[in-house]
Amino acid sequence: MVKWIVIAVVVLALIVLVVAAGSVMGRLTKLDRAARRLQRRQAEAMKLQQDAVVLEDSVAGLQRRAEIMQAQLAVIKAGRGASDGKHSLQQG
């Protein structure tokens with residue numbers, strides 16, 4: 001009789017252990033998916049950061065070109081005020 005009670009307790013404990021292990025494995029699967037999703041987002045963020053640096057360099061280059069064009073336009077406008085009608089960039 002005691003033997004059957006011990007066997008029943010052991011079987012019940014094994015069932016509880018299997019159910020708990022299944023629950024933990026399910027959570028680990030979700031955790032693994034979340035970790036992969038975070039790694040993917042991190043890679044996307046790094047790519048965006050690199051793209052932002054390239055864009056920043058492009059904007060700085062465009063700003064330099066705009067400043068040069070403004071300076072050249074100022075020279076052209078100043079040259080048009082001359083009495084001979086030629087601006088200062090023309091070789092004459």
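Throughout, read-outs are computed from the coordinates displayed, never taken from laboratory work. What you see is a predicted model, and the numbers here were worked out from it, not measured in a lab.
Here are the numbers for this structure:
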read-out	value
Options (1) 85, 7, 5; (2) 32, 13, 10; (3) 36, 16, 9 - which one matches semi-axes √(5λ) of the Cα gyration tensor in Å as calculated here	(1)
Listed residues Lys47, Lys77, Lys30, most fluctuating in the chain (Gaussian network, C-alpha, under 10 Å)	Lys77
Helix-only mean residue ellipticity at 222 nm for the chain, each DSSP H run of n ≥ 4 adding -39500 (n - 2.57), per residue, nearest 500	-33000 deg cm²/dmol
In degrees, nearest ten, helix 2-80 long axis to first principal axis of the chain (Cα)	0 degrees
Candidates Ala21, Ala43, Ala60, ranked by Gaussian network fluctuation over the chain, Cα under 10 Å, top entry	Ala21
Distance from region 38-77 to region 1-23 (C-alpha centre basis), Å	67 Å
